[in-house]
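First up is the structure itself, then whatever we jot down about it.
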Amino acid sequence: MATAVVYLDGDPREGVLEAVTLARQVGDVVAVAPAPLGSEAVQTLGRYGVTRLVHLETGGVAMDAPAAVGQALADAATQLDATAVLLTSTFGTKEIAAHTAHHLRAGLLVDVGDLRLHEGHLAGSKRAFGGTWDTSCAVTTDRGVATVRPNAVQAEPVQTPVDVVTGALTVTAQVPAGLELVSREVHDSDSARPPLAEAAIVVAAGRGTFGDFDPVHELADVLGAAVGTTRDCVDEGWLPHDAQVGQTGVTVAPRLYLGAGISGAPHHIGGMSASQTIVAVNIDAEAPLVEMADFAVVGDLASVLTDAAEAIREHRAQS
Ligand SMILES: Cc1cc2nc3c(=O)[nH]c(=O)nc-3n(C[C@H](O)[C@H](O)[C@H](O)COP(=O)(O)OP(=O)(O)OC[C@H]3O[C@@H](n4cnc5c(N)ncnc54)[C@H](O)[C@@H]3O)c2cc1C
């Protein structure tokens, strides 16, 4: 049976469990973590069918630099004789995936929405050109590396939870010569909300807010959503750059994207058009985002978002 390695860049959150769910289609799933995990995390992995969890022993080499992590992960994949190495699709994990593929001399699939073995090689599907094309692709090497697009699949537990075997794996890792980590600053401006790039629901708002994001945050909190915005709002200083969706910001593909007071410029649409359901709120019925949306509400966003939050709260209270 083929082995699929899934890299854990922290506790097993939704995006990681989606990758584990896809990994089961390839074979036996081994999770690889940079450090030992707590018992709750191990049990969660067992509920999703992970048979083995190894943490990397690097002989004191810090797992900060993506190049070092990629090398360590490649070594782990070789020792575990893995056919596939899967990661989530954040900026950080995509960089690790590239280094891993380089060390393994393996093909790399980025942002796949499904996975399978095609004649023994890793194959997957991905959206291209701003979500307008669905493509199939396969690596031609014996091992393949893939990053899994957030929200592409629903994380599914297995019918019978597995007792996960845990242990350490000694691997080779080197921080490249000339690279020194001088300082590290974690930007966690919106820690109470899910990370924008992986969120299942994104409530985004643009210049139509005129800088007042209170109704946006209110609706996002009710929905458990991440908050996104446009570049113009970032340039105005209304929200930080890590909230920017689009060509020069974060690419999102949530199950639900709500864009309020956003015109729908191509630079913005390029970063959200792979969303599964798009809802627009705008006073202009002919705005491009309204025209491409699955549902649209023509009206003032301040009242529409506040009313929506209130209606959802009432609905929940009654059910
Ligand atoms: C090289 C380059 C890269 C770029 N990269 C990005 C990027 O990554 N992401 C990005 O977003 N942009 C990017 N941009 C900018 C992009 O081209 C647009 O300027 C920007 O997306 C527009 O932002 P907006 O929709 O908030 O504002 P606008 O285009 O001004 O639209 C505001 C909308 O709000 C509506 N509105 C007004 N009042 C209300 C109200 N009360 N209620 C409801 N609706 C209302 C209006 O009808 C309008 O449709 C880039 C531009 C360049 C040149």
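Please go through (1) crowded, with 18+ Cβ neighbours inside 10 Å; (2) more than 28 Å from M63 (Cα to Cα) for P194 and return the number of the only condition it doesn't satisfy.
Among (1) crowded, with 18+ Cβ neighbours inside 10 Å; (2) more than 28 Å from M63 (Cα to Cα), the lone unmet condition for P194 is (2).
Sort out which residues of segment 140-156 are in a loop (DSSP other than H, G, I, E, B), within 21 Å of A128 (Cβ to Cβ) and aliphatic (A, V, I, L, M), and write them in order of number.
A152, V153
Within segment 225-245, take every residue that is over 21 Å from R316 (Cα atoms), within 15 Å of the chain's Cα centre (by Cα) and not β-branched (V, I, T) and give me the one that is nearest to the ligand (Cβ to nearest atom).
Of everything passing the filter in segment 225-245, G228 is nearest to the ligand (Cβ to nearest atom).
Across segment 90-119, what is the number of residues that are in contact (Cβ under 8 Å) with a residue 60 or more places away in the chain and assigned to a loop (DSSP other than H, G, I, E, B)?
Of the residues in segment 90-119, 1 are in contact (Cβ under 8 Å) with a residue 60 or more places away in the chain and assigned to a loop (DSSP other than H, G, I, E, B).
Out of everything in segment 294-319 that is within 28 Å of the chain's Cα centre (by Cα), assigned to a helix (DSSP H, G or I) and small (G, A, S), what residue ends up being nearest to the ligand (Cβ to nearest atom)?
The qualifying residue nearest to the ligand (Cβ to nearest atom) is A308.
Give the residues of segment 205-224 that are in contact with a strand residue (DSSP E or B) (Cβ under 9 Å, 6 or more places away or on another chain) and exposed (fewer than 14 other Cβ atoms within 10 Å of the Cβ), sorted by residue number.
Once the filter is applied, which keeps residues that are in contact with a strand residue (DSSP E or B) (Cβ under 9 Å, 6 or more places away or on another chain) and exposed (fewer than 14 other Cβ atoms within 10 Å of the Cβ), segment 205-224 yields only G224.
Within segment 9-24, how many residues turn out to be at pLDDT 95 or above and surrounded by fewer than 24 Cβ atoms within 10 Å (Cβ to Cβ)?
Counting residues in segment 9-24 that are at pLDDT 95 or above and surrounded by fewer than 24 Cβ atoms within 10 Å (Cβ to Cβ) gives 3.
Report yes if some residue within segment 248-259 is in contact (Cβ under 8 Å) with a residue 12 or more places away in the chain, surrounded by fewer than 20 Cβ atoms within 10 Å (Cβ to Cβ) and within 6 Å of the ligand (Cβ to nearest atom); otherwise report no.
Pass one, segment 248-259, residues in contact (Cβ under 8 Å) with a residue 12 or more places away in the chain: 248-259.
Subset that is surrounded by fewer than 20 Cβ atoms within 10 Å (Cβ to Cβ): 248, 255-256.
Right, trim to within 6 Å of the ligand (Cβ to nearest atom) and you get 248.
Checked segment 248-259: at least one residue is in contact (Cβ under 8 Å) with a residue 12 or more places away in the chain, surrounded by fewer than 20 Cβ atoms within 10 Å (Cβ to Cβ) and within 6 Å of the ligand (Cβ to nearest atom).
Within the set of pairs 6 or more residues apart or between chains, which connect a residue that is surrounded by 20 or more Cβ atoms within 10 Å (Cβ to Cβ) inside segment 284-308 to a residue that is assigned to a helix (DSSP H, G or I) and polar (S, T, N, Q) with Cβ atoms less than 8 Å apart?
Close Cβ pairs (under 8 Å, with a partner that is assigned to a helix (DSSP H, G or I) and polar (S, T, N, Q)) amount to L301/T209.
Considering only residues that are touching a helix residue (DSSP H, G or I) at 6+ places or on another chain (Cβ under 8 Å) and among the acidic types (D, E), which ones fall in segment 15-55?
none
One residue is enough: does segment 216-224 have a residue meeting the conditions within 9 Å of the ligand (Cβ to nearest atom) and modelled with pLDDT of 95 or more? Before you say what the answer is, go through the steps one by one.
Initial filter on segment 216-224 (within 9 Å of the ligand (Cβ to nearest atom)): none.
Among the residues of segment 216-224, not one is within 9 Å of the ligand (Cβ to nearest atom) and modelled with pLDDT of 95 or more, which makes the answer no.
Which residues, counting only those in segment 82-107, are more than 14 Å from D142 (Cβ to Cβ), surrounded by 21 or more Cβ atoms within 10 Å (Cβ to Cβ), in contact with a helix residue (DSSP H, G or I) (Cβ under 7 Å, 6 or more places away or on another chain) and not hydroxyl-bearing (S, T, Y)?
L86, L87, I96, H99, listed by residue number.
Could you pull out the residue among D284, D300, D242, D212 that is at pLDDT below 95 and out of contact with any Phe, Trp or Tyr (no Cβ under 8 Å at 6 or more places or on another chain)? Steps first, answer last, please.
Working: D284 fails: at pLDDT below 95; D300 fails: at pLDDT below 95; D212 fails: at pLDDT below 95.
Just a single option satisfies the conditions, and that option is D242.
Taking into account only those residues within segment 1-47 that are hydroxyl-bearing (S, T, Y) and assigned to a strand (DSSP E or B), which is farthest from A155 (Cα to Cα)? Before you say what the answer is, go through the steps one by one.
Filtering segment 1-47 for residues hydroxyl-bearing (S, T, Y) gives 3, 7, 21, 39, 44.
Filter once more, keeping what is assigned to a strand (DSSP E or B): 3, 7.
On the way: T3: 19, Y7: 16 Å.
So, considering only residues that are hydroxyl-bearing (S, T, Y) and assigned to a strand (DSSP E or B), the one farthest from A155 (Cα to Cα) is T3.
Tell me which residues, restricted to segment 264-293, are under 16 Å from V245 (Cα atoms), part of a loop (DSSP other than H, G, I, E, B) and near the ligand (Cβ under 8 Å from one of its atoms).
G264, A265, G270, G271 - these are the residues of segment 264-293 that are under 16 Å from V245 (Cα atoms), part of a loop (DSSP other than H, G, I, E, B) and near the ligand (Cβ under 8 Å from one of its atoms).
Scan T44, T3 and give me the residue that is crowded, with 19+ Cβ neighbours inside 10 Å, in contact with a Gly (Cβ under 6 Å, 6 or more places away or on another chain) and of a type in the set (S, T, Y). Break it down into steps so the answer makes sense when it comes.
Numbers: T44 fails: in contact with a Gly (Cβ under 6 Å, 6 or more places away or on another chain).
Being crowded, with 19+ Cβ neighbours inside 10 Å, in contact with a Gly (Cβ under 6 Å, 6 or more places away or on another chain) and of a type in the set (S, T, Y) holds for just one of T44, T3, which is T3.
The values are calculated or read from the model by the stated rules, or taken from the named source; none is laboratory data. Bear in mind the structure is a predicted one, so any value in this text is a computation, not a measurement. Positions of Cβ are backbone-derived with ideal geometry, glycine not excepted, and every protein chain shown enters the neighbour counts.
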